[in-house]
Every structure is written in C-alpha cells, then in structure tokens.
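**Q** Next up is a structure, given as structure tokens.
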Amino acid sequence: TFPSQSPNQFGSTPPSSSSSSSAWGEEERARGHESQSSKGTRHKAQYQDEQARVLHASLRHVTRLGWTEAAMIAGAREVGVSPSIVGSFHRKEAALVEFFMDECLQRLTDIIDSEEDLRNLIPSECIAKLVRTRLEMQAPYISKWPQALSIQAHPFNVPTSFKQRAMLVDEIWHAAGVESTDVDWYVKRTVLGGIYSTTEVYMLTDSSPGWKNFLQLILCSLFVVSSLLTLLSGYASP
C-alpha cells in the first residue's frame, strides 16, 4: 500500500551542490546501514494499483504543469479515475516525485540485470556509465527538475529523498562489483552520493550542445571514483 505521510508545503529553492553533499554525509551517519543493499535483495516500492496508474499518467503532464497537484489531477482524468483520488496522497507533489524516483531506480536495475557489457567494465567506468544513464532519465523533465529538488529538500520529504538516493548509490556500487566493508562503506556511499548530487545540479545549468560539459564532469567523477577505490584498496591491505 502507499505509505501514509504528513501533509506539507514544499520549499522553492533548489539545494546547492555543496549543501547536497554535506547533508548527504550527515544523513548517512545518522541512518547507518538501514538501506544498504544485500546480495539478491532489492527494495521495490509498493503502490496501490489505482494510485500507481494515476501517478504514472501524471508524469506525462509534468513537463506542462510541473510537479504539482494539477498534474496529478490531469493524470487521474487521463486514466478515468476521479480527481478526488489525489486526496489520498497525503504529500501530493512529493508522492509524484518519489514515484518517479522509484520508477527510475527500477529501470536502472533492469538495465543492470540485462546489460552484459557492464560486467566487462572496470568499476569506475561502470559507475560513471550508470550515473550518466540514471541522470539522463531526468532529461525529459529537466526544465521542471529544480522544482523536484525543492520538493525533495523540504524537511518533511528529506528522509524519503535520502533513502531513495541511498538505495540508488548502493545499487550502483553493487553493479560495479564493489563490495563494501564496515570500514569503508560510509566513505564510498558518501563520496558517490556527493558526486551524484553535484552532477545532478550541474546538469540543470549545462547549456552546452549535447550536454558536452555535463559528460565531461562525469569523466572527472570517474577519476575521483577510481582514485577512491585505489585508496580504499590500499587502506584495506595488511
């Protein structure tokens, strides 16, 4: 069933890349290993069928109406459901953003499971490719994504937002074949989470043809990840 949460109003200012990275680290220390992926075990969000239909249809209206209750009402009408169903989503706009995040995570895990080529890449290249793949899923909504970040940054929505991002980071690390120990687990998650958040915010401002600058940042992030793996490997050696 769809999770029950308290109503709220979202903020209006998207987080900066530096504040995103800092907040990530603090949240991770407080949360501990709560959402760390385990082999063969994956979180899959559960939604009531009718609610899922409405949310899925609502995404088609986001580019015009934004991450709003209006988009959800339009989605409900599109699938022949009474707009009153929007009242069952206690956090309305946040529910729409979180549904999109869950869908993207599921799409990414499907790609990980189906693409044999990923297994032939070194960890840093695999991570860079998956980060790029995941961020490109947001491309159709890029003009409205600052609004989504504002919704995620609201205090009522931060716990779910960080949990979803933590699961994404864990999935990427696992796909790259990098198994974390108790010593380096926090470091790996925090660094990759920071890279993801920084790249996500930068993507909003990149007006270069074909997102050339955005892709260059991904390559620089690949170097950071590679250096991190080398450092942690040496640290773990006797």
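**Q** Given the residues Leu149, Leu135, which is the only one that is under 12 Å from the mean Cα position of the chain (by Cα) and at pLDDT 95 or above?
**A** None of the others qualify; the one that does is Leu149.
**Q** Moving on. Take the residues in region 62-97 that are in a helix (DSSP H, G or I), in contact (Cβ under 8 Å) with a residue 60 or more places away in the chain and open to solvent by 20 Å² or more (accessible area, probe 1.4 Å), then tell me which one is nearest to Glu171 (Cα to Cα).
**A** Of everything passing the filter in region 62-97, Glu93 is nearest to Glu171 (Cα to Cα).
**Q** Checking Ala52 against (1) surrounded by 15 or more Cβ atoms within 10 Å (Cβ to Cβ); (2) touching a Ser or Thr at 6+ places or on another chain (Cβ under 7 Å), which single condition isn't satisfied?
**A** If we test Ala52 against (1) surrounded by 15 or more Cβ atoms within 10 Å (Cβ to Cβ); (2) touching a Ser or Thr at 6+ places or on another chain (Cβ under 7 Å), just (2) comes out false.
**Q** Follow-up question, since we're still on this one. Of Val225, Val201, which residue is modelled with pLDDT under 80, part of a helix (DSSP H, G or I) and within 19 Å of the chain's Cα centre (by Cα)?
**A** Unique residue meeting the criteria: Val225.
**Q** Condition check: over 30 Å from Ala70 (Cα atoms), part of a helix (DSSP H, G or I) and more than 15 Å from the chain's Cα centre (by Cα). Does Ile172 satisfy that?
**A** For Ile172, the condition - over 30 Å from Ala70 (Cα atoms), part of a helix (DSSP H, G or I) and more than 15 Å from the chain's Cα centre (by Cα) - is not met.
**Q** Residues that are open to solvent by less than 10 Å² (accessible area, probe 1.4 Å) and assigned to a helix (DSSP H, G or I): does region 134-144 have at least one?
**A** Yes, region 134-144 contains at least one residue that is open to solvent by less than 10 Å² (accessible area, probe 1.4 Å) and assigned to a helix (DSSP H, G or I).
**Q** Against the condition crowded, with 19+ Cβ neighbours inside 10 Å, in contact (Cβ under 8 Å) with a residue 12 or more places away in the chain and within 17 Å of the chain's Cα centre (by Cα), how does Gln164 come out, does it pass? Steps first, answer last, please.
**A** Working: crowded, with 19+ Cβ neighbours inside 10 Å: yes; in contact (Cβ under 8 Å) with a residue 12 or more places away in the chain: yes; within 17 Å of the chain's Cα centre (by Cα): yes.
Against the criterion (crowded, with 19+ Cβ neighbours inside 10 Å, in contact (Cβ under 8 Å) with a residue 12 or more places away in the chain and within 17 Å of the chain's Cα centre (by Cα)), Gln164 qualifies.
The values are calculated or read from the model by the stated rules, or taken from the named source; none is laboratory data. Keep in mind it's a predicted model, so treat the numbers as computed, not measured. For neighbour counting, all protein chains shown are included, and Cβ atoms are generated from backbone atoms with ideal geometry for every residue, glycine included. Surface accessibility is based on the protein's heavy atoms, side chains included, excluding ligands, DNA and RNA. Shrake-Rupley method; radii C 1.70, N 1.55, O 1.52, S 1.80 Å.
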